[in-house]
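Engineer: First the structure, then my questions, so here it is.
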Amino acid sequence: MQHRHHHYSNQPHFSAASGPTTPFGSHVVVPSAGSESKRGKRRGSYTCGRCGQPKKGHKCHLPANSTADDSFVDEAPSPSFSDIRPPPPPRQPYSHLRRALSFDDDVDSSGGGGFDSPDLDEFGDSGDDIDLATGLGGLPASCLSEILKRLPPPGLLSAAMVCKGWRETTRRLWKAAEMLRIRVPTRAQVGFVGSVLQKCPGLVNLSLRMESDVDATLLAWITFSCPNLEFLEINTSGSAINRITGDELGRFVVDRRFLKSLKMEGCSNLGGFSLCSSSLSTIWLSGLYSLSKMVFNCPNLKEISVDFSHEENDNTDLVTMADVLARNCPRLQNIHIASIRLSNTVVLALTAAKLRGLRMLSLVLGSEITDASVAAIASSYQNLELLDLSGSSISDSGIGIICNVFPDTLSRLLVALCPNISSSFIQFATAQLPLLELLDCGMTICDPNSPSAETNVRELPQASNDKVHNSYQKLIIKHARLKKLSLWGCSGLDALYLNCRELNDLNLNYCKNLYPERLVLQCPNLENVHASGCQELLIGAIQSQVDNNAAADNQLPCKRLADGSKRVGVPHFLSAEQPSEDDKKRRKIERRQCSVLVL
C-alpha cells in the first residue's frame, strides 16, 4: 500500500524554511546562489539542483548557470483541492517520516485495563484528513483504534499484518494495554505467550487460562516482559499440568517488587515454598498437596486462600502453617482454608494470634472441627462478617454460640454439609442474626432413610445417635434483609415457609420430599429459584407462587374504619382521599419476572 504523508508547517521537527508554502502545507525551498556555494554540490539528491523539482521523469528548462528565485515561485499556479490531486511532496529523510508517524509518545492509560485509544495530536489539527497521514484507506485513526481495541489478542495479531498503518496502530494499542486476558490452547507453546507479553511493557493485570502444561519458563517470560505487573492469575483447565516448583515460585515473588495479587491453580508440584514479599496483599493457591513447608513472610498480606487436595494421604502440617501465618501476617482480613485435615488443633493455632483485622474466616471440609472450635473463634474474633464452617461437625450448640456472639456483625453464614444441625436452630439463627444476607444450609437437613446421591459430594461425617433426625422437618424463616438462601440437597425438608422481602435468590435443588401444598413463598423480590431434581408438582407450585407475587404488587390502599379499630382495603374510587403520587408510581412500576431454573 502506498503511503502519502502531509508535512505541516507547525510541526517542530521540520526545518523552519523561509520560503512560502503551498496549500498542502509543504515548504517550497528556494535555493540561492550564496547558499548553493556554501553547501557545495549535493550528491545523491532526488531533486533537481536548478528548479528543485523531482528528478524522476524531469527535464529541466533552466540553463545550467541559472537558479530559481522568488519570482519563479510567485509565477507558479496555485492548484485547488477540488480541481487537482496534490502532487507527491518531496521525499524526506527516513527519520522525518518515522517522526511524523511516531507511536513512541506516552498515552493516557488512566482509564483502567484494556487497550486505550492512542493520542492522535501528533498528526496535526484534528480537522485534517488523518487517513492521508496514516495510510488507513479513508478510516480515521481514532475510529480504527476503537475498533481494533475490541479484538481479542489473536485478532489483533492478525490485524497487524494488513498494512503499515494498521501495524503501527496495533503496536500503539499493545503498548498502552494495562490488562490482558489470554487463553493458551493445547497446541500453543509458551513462546507464544512470551511474544505477546513482549508487546505490552506497561502491563499491570495479567490473567492466563492455560490449556497446555505450565512450567518456570512462563514465569521467566513474565519477569522479563512485565516489570510493572501487579496482578497475576494463572488458571489451568483440562489435562494441563502445573509443573512450577516451590523454589521457582519463591524466586519469582521475590523479584516482583510491585506484585500485589497472586492467584494460581493446580499447585500440586510445589512440594514446599517460602513466599517473602512486602507488596503482596492477596494470595490464592489451589491444588496443594503434601507440602513439606509453607512459609509466608508477607507483612502486608490481607487475604489468603489455600485449597488442598482431598486425598487421604495428604500429610501437610496445617498446625505449623497456621502458626506461621498468624505470626508473620498480622494484617490478615480474609482467611480461607479448605482441607480434610482441618481440626480443632489447627483452629486453636489460628486463633492464638488474635488477628485484630480479621473479618472473614472460612474453614471448609474439616470434619474434625467441632463446637470447641466455634467457641475459640467466638472468643478471639468477635467482629466477623463472614463465617464458613461447611463440612464440619458442629451442632446446634455451635449455632447457638454464633448467634450469641455475632448478632451485630455477621452478614454471611455458611454451614453446608453439617448434618448435626437441625432445622429449628437454622430458624433460630435467622431470628437472632438481623444483619444476615446470605445463608447456606445445603445438605444439613437430609433424608434419614436415603442419602441423596445426586449431589456427588464426599462422604459426610457421621452424626451422633442423639442428633440423627428420624423424621422430616419443616422450616419457617422471616427475615428483613436476607437476600440469598441455599437449601440444596435438603431432602429431609417437607415444609417451607418464607417471608423475606429482600430475598432474590433461592436454591431448592434436590429438595425431593418438599410437598407443594406446604410451600409458601412470600418473597416479592425473587429473581431466581433453582429447582433441579425437584418433583414436577413442586416446580409448578413454585412457578404459580412467584407469578402470584408479581400480581399482588398492585395492592389496594388501606383506610381505617370509623371507630379506628382496624384498617381495611378499599378501592380508590370509594376512598375519601385521592391516591398519592407514590401509589401511582407503584402501580406503574412493573415487577421483574422471576426465573425458575430447572436443568
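Engineer: Taking Leu173 as meeting all but one of (1) out of contact with any Phe, Trp or Tyr (no Cβ under 6 Å at 6 or more places or on another chain); (2) open to solvent by less than 10 Å² (accessible area, probe 1.4 Å), write down the number of the exception.
Structural biologist: Among (1) out of contact with any Phe, Trp or Tyr (no Cβ under 6 Å at 6 or more places or on another chain); (2) open to solvent by less than 10 Å² (accessible area, probe 1.4 Å), Leu173 violates only (1).
Engineer: All but one of (1) at positive phi; (2) in a helix (DSSP H, G or I) hold for Lys354; state the number of the condition that does not hold.
Structural biologist: Just one mismatch for Lys354, condition (2).
Here is a yes/no grid of residues against (1) exposed (fewer than 15 other Cβ atoms within 10 Å of the Cβ); (2) part of a helix (DSSP H, G or I):
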| position | (1), (2) |
| --- | --- |
| Arg183 | no, no |
| Thr186 | yes, no |
| Val193 | no, yes |
| Val196 | no, yes |
| Cys200 | no, no |
| Leu203 | no, no |
| Ile222 | no, yes |
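Engineer: Can you name every residue in the stretch 281-308 that is in a loop (DSSP other than H, G, I, E, B) and of a type outside the set (Ser, Thr, Tyr)?
Structural biologist: Answer for the stretch 281-308, where residues must be in a loop (DSSP other than H, G, I, E, B) and of a type outside the set (Ser, Thr, Tyr): Leu291, Lys293, Cys298, Pro299, Asn300, Leu301, Lys302.
The values are calculated or read from the model by the stated rules, or taken from the named source; none is laboratory data. It should be emphasised that the depicted structure is a prediction, and the values quoted were computed from it without experimental measurement. Cβ coordinates were reconstructed from backbone atoms using ideal geometry, including for glycine residues, and neighbour counts include every protein chain displayed. These accessible areas exclude ligands, DNA and RNA; they are computed on the full protein's heavy atoms, side chains included. Shrake-Rupley method; radii C 1.70, N 1.55, O 1.52, S 1.80 Å.
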